[in-house]
Each structure stands twice: as C-alpha cells, then as structure tokens.
Amino acid sequence: MSKYAAVIDAMKSGRIEDAESAGVKPYPRSFTVHENVRLLMVKDGHVKKIVAIGAGPLYDELSGEETDGCKLCGLTHENRLVLNRYFPYTAPRAFGTQVATIGLGDRLGIASPGHIRTVRDRNIKPILAQQSIRELNLTGRDYKQVLDAACFAVFQEGYKGGFGADGDHLKVESDIQMSLDLGFTMLTLDCSEKIDNTIEGMSVAEIEAKYGALPAEVREHYERRYLEQSFQAGEFTIRFDKLDVMKNALIYGEAIRFMIYIYDKYIRNAGREIDFEISIDETLTPTAPASHYLVANELYASGLNIYSMAPRFCGEFQKGIDYIGDIAQFEKELQVHAAIADHFGYKLSIHSGSDKFSVFPLIAKYTKGRFHLKTAGTNWLEAMRVVAATNPALYRRMHAYALEHFHEALAYYHVKADIRKVKPLDQVADADLPSYMDDDDARQLIHITYGILLQAKDGEGRSLFKDEFFRTLSEQEEAYESALRRHIGKHLDLLGK
Ligand code: ZN
C-alpha cells in the first residue's frame, strides 16, 4: 500500500487529521476543495508538495507525478501560477494607504508560514515577499523564487487575508520592469544615488555657487514655489528661507525628477494598483521635515499618488537591534514627518524596523496606526536561535565562521557591532547558545553574515552549512514558527496591532 493511501482517504473524508502517515506530514489549513478537485499540502521527508485528487481542469493544469490515484505536485513556479489562477488569495495584492502594513522579508523562503500565523488575527497586513537586490545576491535567490515561496506559504496556511510583494530598494529600471512583470504589487524606489550628499558639508558660498549653476528655470521653479513661504501640515508650519530653497533644490532636485520619471513610465501605466513607496532613507544625513515636505509637495504637484515615503530619521536604525539615539528628538521629528504624510495622504514608512522596540509606541501614536514598517533579517536571527537551541554543533561552526568572515560582510552593511565583545564560544555551554541572540554584538555579527554563511562551500564545492541548516529548520518547523510568533508578535504588540 502506498504511503499516500492514508492521505488520500483523509482527503476524501475531509478528516485531514487522519492524513498523517509514515514520513508524510499534512498541513490541514491548506486543504482546499474546488469543484471535483481536492488539494492538500504535505511534507514528505523534507520536501513539501501538493497532493491533488479528483478530476477537472485544476487537476489537469497542475503538473506532477501521478501515482495510486493522486497527483504529487512539486512547489514549482508553474504550479504556483496555477494556484494563483484558481485561488486569488494566493496571489499578492496592493493595499493602498488606509491599512497598516508590515514588510516581513523572508530571506530563507521558510519564514512566511510563521509570519502568517503572527499576523492573521491582527489589524495589519503582511508584505511577505520583500527582498532587495543586495539580499538576492547574498542568498543566491531570485524574485521568482521569493514570490513562489510566499504564495505557497499562503496556500499552506489557507490564509485569505491578503499579502503584498515588494520589489525592495530598486534603483535600476530593468529590475523595476522585472518585478512588475513577475506580479510584484509594491515597488520601493531607492533614490539614494540621486540624492546629493555633498551639499550638507558645503559652505554657504559653495552652495550659492553650485545653486547659481543650475538652469534658470529650475531655480525659478523652486523660488516661486517655496521662497519665504510657509506651509501647514497638521499643526506644524514649515517655512523655507533662501538657504533652505537652495539646499533642497541641490540635494533633492535630481531625485525628484527620477521619482516622477519612474512613476510616469512604470506605475501610471501598470494597468493595476501598485503600492509605490519612495525611499530617501539610505543617505548620510537625516531628512529634515521641511525637505520631506518639499519632496512630497513636488510629487503631488506632478500628479503622483504614493503609498508611502521612507525618510531617514535622526538617530540610527541599525540592523537587528533597538533604536540608537535621542528618543526625545526622534519623537519631535516623527510628529512632523507623520503630519506631513497625513497631509498628503500616504503612509510613513520605517525601514530597518526590526527590533526597534523603544520607538514602536511612538510610531503607533503619531501615525495613528497608519504606517508601513519593514523588517527583513530578524527572521534569519530567529532561525539561528532555533539552530542554537536544537543543533548546537552546527551553531558553533556557523558562529565561528561568521567571526572569521565578519569583515567581508561589512562591505554590505553598516553596523556598530564590536565582535571583540562577543563572548568566546568555548566559554558558552550548549544550553546557553541561544542567548547569543539576545546580545547586540552577536546579533549583528550573525545578522549581516547570512549571505557568507549560506553560500559557504568546502574544497569540493559542497555547502558548509546550508543543507544542514535547512534540514534542522525543517525538523524544527514548529519551534521556528513559535519563535517568529513570539518575536514578531512583540513588534506588533508594541505597535498597537
Ligand atoms: Zn531602506
């Protein structure tokens, strides 16, 4: 008798809890009936697949191996597209500006089920697929795989609340086109390369000279619209003197032209709703509230309608650790940023938002619960916490390798971690290894070395850690889900969601 006999019987009777059989684990929430076809996701060994029984177009369109009265369908891109056609909730969607959203970028392709369980009963929507090109390069994945993993997670969990897919921090037109072609529903335009960071360090005379070299119509445009004028955003008044006008025109003029160009070329004509986010956060200097206002005002004057804007806040939003900086100053500026977003109608977006526990209540308060918060690597840290707790030997090897290669990772990420402060491995008992994930220096060490660890190979080209890492997390699936629920749940509690 096939090991799928019990699965098929359970699918016929609808008592999915009976589907468990040797080596096959069912995901009861995935059980779906469409006309005469029944589908159930299972895990066979470490491989997830969808079991299909019955007859009809859905059955025929899914590809897989037919055996003993069922079809075993792999989690392939083609099968994902079939699910999207028959079950619209498995395809990503745009959300607009009236609901809070959280970016839950899943670098590993296995965190989304836990993320879905975290958000499903809360007043916030998940952007499950969210990767930057930098992350793809470091993990060796592509956008197709990222979106496939998110869609299958939604199917696995039977989650019908809707989710988004964010082409994160894109700056190259071909990447924008590719993500839209793949069905991404959100686009985060990274304008960092168009923002002139040299202006802040210049003397007034230098600024005047540089400004004077701008075309007359550009200067006339900014002066007519802003010079010695004041604007109201909620209870805040924003004013521009001559120096402000010159500086903003020089710092942001090119970026504003780029935003309008991309919007007109790709978003306006997309033929569907796209959540368009403007990111001006990856710059050296914090975004002054007046600059935020001016950028938004220019966009809306050109007829843009944006989903969110990510300014660079004062203080530091470093990866994987709490906010660093003057919280009172942050609160003061956040109020104005939130009022500006409200004035135009978009959402304030907070990047590198994982673990910023001390400022979450302020974000909830001043955005009145209408925000977008991005997290990404924190689910990788929770995965490493599970590895530390359940496979200490593997954790030790990965940790040691991360220490050796930390300096390479600094080429991609700016962190404050001092790895000399990380407690030596030989002084930490196996049972205490997970506590590394509660230490800021160790967190950042592990946080930024994910690409190096996942791509590490031995002399024969075999993965040093990746295979065992994924096997461990597959065996510890429930532990990983509860770790994510606890950690991301803490974010949402403090954000009032
Ligand atoms: Zn960012």
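A few points about this structure:
- Evaluated against (1) of a type in the set (A, V, I, L, M, F, W, C); (2) surrounded by 20 or more Cβ atoms within 10 Å (Cβ to Cβ); (3) within 15 Å of the ligand (Cβ to nearest atom), Val295 falls short on exactly one condition, (3).
- Scan of the stretch 148-183 for residues that are over 25 Å from Met259 (Cα atoms), aliphatic (A, V, I, L, M) and open to solvent by less than 20 Å² (accessible area, probe 1.4 Å), ordered by number: Ala150, Ala153, Val154
- Looking at Asp148, Asp181, Asp190, just one residue is away from the ligand (no atom under 16 Å from the Cβ), modelled with pLDDT of 95 or more and over 30 Å from Glu477 (Cα atoms), and that residue is Asp181.
- Scanning the stretch 93-131 for residues being in contact with a Leu (Cβ under 8 Å, 6 or more places away or on another chain), among the small types (Gly, Ala, Ser) and free of Cβ contacts under 8 Å to residues at least 60 places away in the same chain gives a total of 2.
- Glu173 touching a Pro at 6+ places or on another chain (Cβ under 8 Å) and either among the charged types (D, E, K, R) or within 16 Å of the ligand (Cβ to nearest atom) (or both): no
- Pair list, Cβ under 8 Å, 6 or more apart: the stretch 268-290 residue more than 18 Å from Phe258 (Cβ to Cβ), other residue of a type in the set (D, E, K, R) and within 16 Å of the ligand (Cβ to nearest atom): Asp275/Asp166; Thr285/Arg312; Pro286/Arg312
- Residues of the stretch 369-390 satisfying the condition of being crowded, with 21+ Cβ neighbours inside 10 Å and touching a Ser or Thr at 6+ places or on another chain (Cβ under 8 Å): Phe371, His372, Leu373, Lys374, Thr375, Ala376, Gly377, Thr378, Val386, Val387
- Scan of the stretch 280-325 for residues that are closer than 20 Å to Ile448 by Cβ, modelled with pLDDT of 95 or more and part of a strand (DSSP E or B), ordered by number: Ile324
- Note on the stretch 239-257: among residues that are in contact with a Lys or Arg (Cβ under 9 Å, 6 or more places away or on another chain) and surrounded by fewer than 18 Cβ atoms within 10 Å (Cβ to Cβ), the one that is farthest from Ile199 (Cα to Cα) is Arg257.
- Of all residue pairs spaced 6 or more apart or on separate chains, those with beta-carbon atoms under 9 Å, a first member in the stretch 329-343 that is under 14 Å from Thr97 (Cα atoms) and a second member that is open to solvent by 50 Å² or more (accessible area, probe 1.4 Å) and in a helix (DSSP H, G or I) are Ala338/Lys365.
- Checking Leu381, Leu373, Leu362 one by one, the residue that is within 16 Å of the ligand (Cβ to nearest atom), at pLDDT 95 or above and within 22 Å of Leu104 (Cα to Cα) is Leu373 and no other.
- Flag for Glu478 being open to solvent by 10 Å² or more (accessible area, probe 1.4 Å), modelled with pLDDT of 95 or more, out of contact with any helix residue (DSSP H, G or I) (no Cβ under 8 Å at 6 or more places or on another chain) and outside any loop (DSSP other than H, G, I, E, B): yes
The values are calculated or read from the model by the stated rules, or taken from the named source; none is laboratory data. This one's a predicted model, so the numbers in the text were calculated from it and none came from an experiment. All Cβ positions, glycine included, derive from the backbone under ideal geometry; neighbour counts span all protein chains shown. Accessible surface is based on the protein model in full, side chains and every heavy atom, while ligands, DNA and RNA are left aside. Shrake-Rupley method; radii C 1.70, N 1.55, O 1.52, S 1.80 Å.
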